[in-house]
Amino acid sequence: MTTQFKDSIETALHNPNLTGALGRFSEAYRVSRAKAYEGIDFETVRDEIVAAKADASSRFEELAQQFKQNAEARGAKVFRTSDPEQVKQYILDLAREQGVQRVVKSKSMASEEIHLNKAFEKAGIEVDETDLGEWIIQLAHQTPSHMVMPAIHMTKEEVATVFSQEVEEGQMPDIPKLVKFARAKLRPKFLQADMGITGANIAVAESGTLVIVTNEGNARLVSTLPKIHVAIVGIEKLVAQVKDITPILTALPRSATGQLLTSYVSMISGQVPNTDGSPKQLHIILMDNHRSDMAKDPMFKEALQCIRCATCLNVCPVFRLVGGHVFGKTYTGGIGTILTAWFDELKKADDIQGLCIQCGTCVPMCPGKIDIPKLILELRRRLVVEKGQSIGMKAIYAVVNNRRLFHSMLRVAAVTQKPFKQGRFIRHLPLFLSDMTEFRSLPAVAPRPLRDTIKEIEQPKSPEKVAFYAGCLIDFCYPEMGESLVKILNKAGIEVIFPDEQTCCGAPARYNGAYEVAGQNARDNLKALLATDVKHVVSACPTCTVALKHDFIETFKSLGEFDAMAQAEELSAKAIDFATLVKRLVDEGRLTLKEGETLEKITYHDSCHLKRTLNASQPPRDLLQQAGHELSEMYECDTCCGMAGSYSLKLPEISAPILERKLKFIKETGATKVVMDCPGCVMQIRGGLDKEGSPIHAEHTVETLANRFK
Amino acid sequence: MSHSFESFKTRAEAVSAEVHRFGTQEEATAFLLSFLQEEGVSPQEGAVCAAGTFLDGARKDDLKVKAPGLSFEVSQAASASSKVGISQLDWGIAATGTLVQDASAVDKRLVSTLPPIHVALLGTDRILADMNSVLEHLRPQELNYISCITGPSRTADIERVLTIGVHGPERLIIVVVDDLQQVMA
């Protein structure tokens, strides 16, 4: 990551206005969104959106032609281009021909994308943004920090200062007054403008219709008063039919601002009369700018299903800390990272793709069903392919790809960590490593790994065997979790075998774009885990389970290596997470929890992969409650704890405040124990609680349940 | 129909529109006159009204006499200087409290965008369930400008604080009339 980028993160994190406003908004957003969707089947709506948008992106050329034909038949002039420079040229030429001196604009991300305002200013044409947020940003000489709420990073005091400095002195930080001021100052501009510029939210090919959604009413004025209306439309806004409008109009306001519908929706399909009765000039610019390249990419075409609602910004635990400006000048947040890589260039996304913590929170909430974390991972992979892995990373992966070397180094660490070890924790590390222990303690490497201690457990011999995939953390830091798992499964009469050749699941490499390394890890593990005949391969680490169940297959696909696909699928079918397996055994009557127990009050933290990829948020809760624990749910129980593998090492400045929030909500429940199913989350949360000196215990479900079965 | 109206009213009021329902056009007219009076509409600070079935014909002449300041000559200048804009809307949507109109005629947009108060007239039987039902009657395939209006103009662009009345009207008064038989748009 560049120093400049790190600095921009640092600046954002230390801006209390930004983090305060975004934090409050992100909390209110979820409530208002949920309320707006009452009585609506979100899955049906998004299926309709995906069907319409995926169909459109599979035939942009055809629909663009059809749109042009239909709109022109109704009096519009349609200009198609793939080049942003030509968009600006077309508009400037038109302005010159028509003697345009003043331009008013309603919000258009496409115009931001091509930096249209600069072109106008250079040509000596006065241009005013009329969306209040955009106007503030324009006056403050900034760029939007959010796709829907461009000025969300500014306080009323800052807005008053900008208005006073740029428009008229003496403006007070009173929101209704500031809004009235904007109305009064912009009204004459609407009335005097020679040209109005809008974007569009939807463009319908069969009718040549543009659908424009606003709340302030500025797009209605911009498209009504000036004698020339220019609409700049990215071709991804195309849909085939009028009937495709409604699902988008159902989701966009609900997902963007928690509204059932915005105040105004205009559907413009052709020429209308001007205020003096003359026919209005309607120019529609269909801009490609790499969108059709994207449509041809088997993975990234999915991103064209975006309706620009900004949900992925609003629910992102990272965005709410750093805001939009660290992402760049135009498109922000998760989807913005992807759009920047395509509309600008891949390397522009090099730094910002690293901000995605891969928690998956945005995935089930996206109206366009875009798997944003997956696409960001793909960007990461392509970046690594393009520019190669750094020497440091290469060295690390060389070790990880050699299991014997990797494991012997961990054994050495168990000894060399001694100067820093206090009990089971490392509380301080020197020098450049200090960031890692500034906000949480780290677990010490266990004196003996699970792969050694497990052999000493006397297990019943049974024809029913499961293989245990421990993962590095349980194997080398938390062997007691593995020992508890063996104990529990033994009670069900199952023998647990530990294939010694198992190695790192490859997640760290994969999540850093090093797919070759992840692929080798996958091969080694397939060999180790499929060597013996077992019914299940169980893991108590959700990230590892996801690797066994999904990522091996996905990695092979990305690498175009299909020789081991059958084995990967065999393993996928066998892989199961600890809580789901144990819940099944309880339901089948093969494991019985002790009855009549009244145990301490706990709270449960949902680990990202368990909740959103493995869909197993209920089994651990059921088990813990059946065991006799009182469960007190924390606020945002399924929000990431900030660990996310190596993320907390690369971006400790972001990981720390995410953890701080998590700890706050844990403490608010009054529970004496916080339980979770991921050793990585245990590492983060237990380390954070230790650093604070909190009496609350953080445990893996496997530990909490270890002695609870008959 | 009355169920649709109740849902329409609830939704529209939830977004700060003011909803009034009258049995007859006479009652609605009386309300309109008293409203214009209360708002102090006068030749100096007027009201503009766009063409529509309800206020055309004989009633128009009557209104002109009784409401000085009410003009049926819509222009950009008249709309920009008026306090109240009046127009008849084509359809209502019960699910969202939305008004929909064929706004291809510029007058209809001028009176509903520029004055600070917009009075919208609608027949009770014109309230349909949802957007899809309305788009079967007002077809983008045929009409060049369709406007959907849901509550007054609003913004939350400063500190996410909801503020009513930015560029469009700060008040939306919806007058729903039972015996108003609208001609198909």
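So here's what we get for this one:
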{"read-out": "Interchain or long-range residues, amide H under 5 Å from A:F425's placed H", "value": "A:A444"}
{"read-out": "Relative contact order [Cα under 8 Å, 6+ residues apart], chain B, whole percent", "value": "29"}
{"read-out": "For chain B, with +1 on Lys and Arg beta carbons and -1 on Asp and Glu, the positive-most of B:L55, B:H118, B:Q88 along the dipole", "value": "B:H118"}
{"read-out": "Per-residue [θ]222 nm for chain B (sum of -39500 (n - 2.57) over DSSP H runs n ≥ 4, rounded to 500)", "value": "-9000 deg cm²/dmol"}
{"read-out": "Folded to 0 to 90 degrees: helix A:479-491 orientation relative to chain A principal axis, Cα", "value": "70"}
{"read-out": "Overall form of the protein assembly as shown per C-alpha gyration tensor (a/c, 1.5; a/b vs b/c)", "value": "prolate"}
{"read-out": "Number of Lys pairs (Cα under 25 Å; 8 or more positions apart or on different chains) in the stretch A:1-128", "value": "19"}
{"read-out": "Simple spin-label estimate for A:E633 and B:H20 in nanometres, 7 Å along Cα-Cβ", "value": "4.6"}
{"read-out": "Residue exposure sequence - B:E26, A:E456 - by fewest surrounding Cβ within 10 Å", "value": "A:E456, B:E26"}
{"read-out": "Dipole of chain A, positive end: most advanced residue of A:L530, A:P499, A:M1 [Cβ charges, Cα centre]", "value": "A:P499"}
{"read-out": "A:Q89-A:Q65 FRET efficiency (beta carbon distance; Förster radius 22 Å; 0.05 resolution)", "value": "0.50"}
{"read-out": "Cα-based shape type of the stretch A:122-179, given that a ≥ b ≥ c are square roots of the gyration tensor eigenvalues and the cut on a/c is 1.5", "value": "oblate"}
{"read-out": "Peptide A:182-191, shielding by other chains (average Cβ, 10 Å cutoff)", "value": "3"}
{"read-out": "Angle between chain A longest axis and helix A:175-192 axis [Cα atoms, degrees, rounded to 10]", "value": "40"}
{"read-out": "Three-way shape label, the stretch A:336-387, alpha-carbon gyration tensor, a/c 1.5", "value": "prolate"}
{"read-out": "Spatial extent of the stretch A:377-493: Rg and Dmax, with the Cα atoms as the point set, Å", "value": "18.2, 53"}
{"read-out": "Relative contact order for chain A, counting Cα pairs under 8 Å that sit 6 or more residues apart, in percent", "value": "12"}
{"read-out": "Cα lying deepest toward the dipole's positive end in the protein assembly as shown, options A:P542, A:G333, A:P419, charges on Cβ", "value": "A:P419"}
{"read-out": "Residue order, fewest to most surrounding Cβ atoms within 10 angstrom, among B:S16, A:S390", "value": "A:S390, B:S16"}
{"read-out": "Size of charge dipole - chain A - debye, nearest 20, with Cβ of Lys, Arg +1 and Asp, Glu -1, no other charges", "value": "480"}
{"read-out": "Which of B:H118, A:H550 has the fewest Cβ neighbours within 10 Å, and the rest in rising order", "value": "A:H550, B:H118"}
{"read-out": "Whole-number percent relative contact order across the stretch A:359-508, with pairs defined as alpha carbons under 8 Å at least 6 apart", "value": "17"}
{"read-out": "Nearby lysines by direct alpha-carbon distance to A:K421 (threshold 23 angstrom, same-chain neighbours under 8 apart not counted)", "value": "A:K650, A:K691"}
{"read-out": "Degrees, to the nearest 10: A:84-97 long Cα axis against longest axis of chain A", "value": "20"}
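Only the coordinates and a few stated rules stand behind these numbers; no lab work does. Bear in mind that the values here come from a model prediction, so they are computed numbers and not experimental data. Please note: Cβ atoms are built from the backbone with ideal geometry, for glycine as well, and neighbour counts cover all protein chains shown.
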